[in-house]
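The values are calculated or read from the model by the stated rules, or taken from the named source; none is laboratory data. Since the structure is predicted, the reported quantities are computational estimates derived from the model, not experimental observations. What goes into the accessible areas is simple: the full protein's heavy atoms, side chains included, and nothing from ligands, DNA or RNA. Shrake-Rupley method; radii C 1.70, N 1.55, O 1.52, S 1.80 Å.
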Amino acid sequence: MSVSRLTTLIVSLSIAPYVWADEAATLPRQATKVVSSGDVAQWLLALILVLAVFFLSVWLLRKSGGLAFVGKSQLAVLAGVSLGMREKLVLVKVGEKQLLLGVSGGRIDKLLELEGDQRLFMNSAEGQETSVFAKKLLQVMQGKHHD
């Protein structure tokens with residue numbers, strides 16, 4: 001490389017930052033938004049609200065016994081009665097039988113087995129439990145608003 005080329009290269013490299021700085025100064029500046037503490041507080045409150053709704057719905061589902069599955073199930077809890085803090089009577093459908101179970105802390109006892117006509121909460125026509133609310137809802141959905 002010749003001395004003139006080397007000098008030209010050094011001068012152009014030393015002037016380049018000043019040229020780029022002038023070009024950057026002539027470009028319009030875009031407004032940058034700074035995240036304020038109010039924005040962070042709003043995000044945190046929204047997050048807390050969403051989590052509270054989530055945990056409330058999970059708690060309600062656990063208290064209500066979960067979601068009922070549509071269709072015929074061979075195993076289902078038909079009814080339950082709390083007898084105290086840790087004692088409960090539960091009526092369970094197992095196939096065509098119903099079992100009355102005594103549930104206490106750490107122990108489950110079969111108290112009664114119901115078969116055939118002895119079964120509880122069963123319609124003779126369908127063989128499934130149908131509540132008054134379900135009948136009324138079906139009537140409203142079909143457009144029949146009165147009995």
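For the cross-link pairs Lys93/Lys135; Lys110/Lys136; Lys63/Lys93; Lys63/Lys88, which exceed 26 Å when the distance is taken from alpha carbon to alpha carbon? Before the final figure, lay out the partial values.
Numbers: Lys93/Lys135 22 Å; Lys110/Lys136 35 Å; Lys63/Lys93 20 Å; Lys63/Lys88 15 Å.
Pairs exceeding 26 Å: Lys110/Lys136.
May I ask you to rank Lys97, Lys135 by accessible area, largest first, using a 1.4 Å probe over the protein chains only? Kindly include the intermediate steps, with their values, before the conclusion.
Values: Lys97 80, Lys135 110 Å².
From most exposed to least exposed: Lys135, Lys97.
Just to make sure I understand: if all protein chains stay in place, what is the order of Thr8, Thr32 by accessible area at 1.4 Å, largest first? Don't skip to the end; give the middle numbers.
Numbers: Thr8 90, Thr32 120 Å².
My answer, sorted largest first, is Thr32, Thr8.
Using only alpha-carbon positions, what ratio does the radius of gyration of the range 75-114 give when scaled by 2.2 N^0.38 Å?
Working: Rg = 9.9 Å, N = 40, 2.2 N^0.38 = 8.9 Å.
Expressed relative to 2.2 N^0.38 Å, the Cα Rg reads 1.11.
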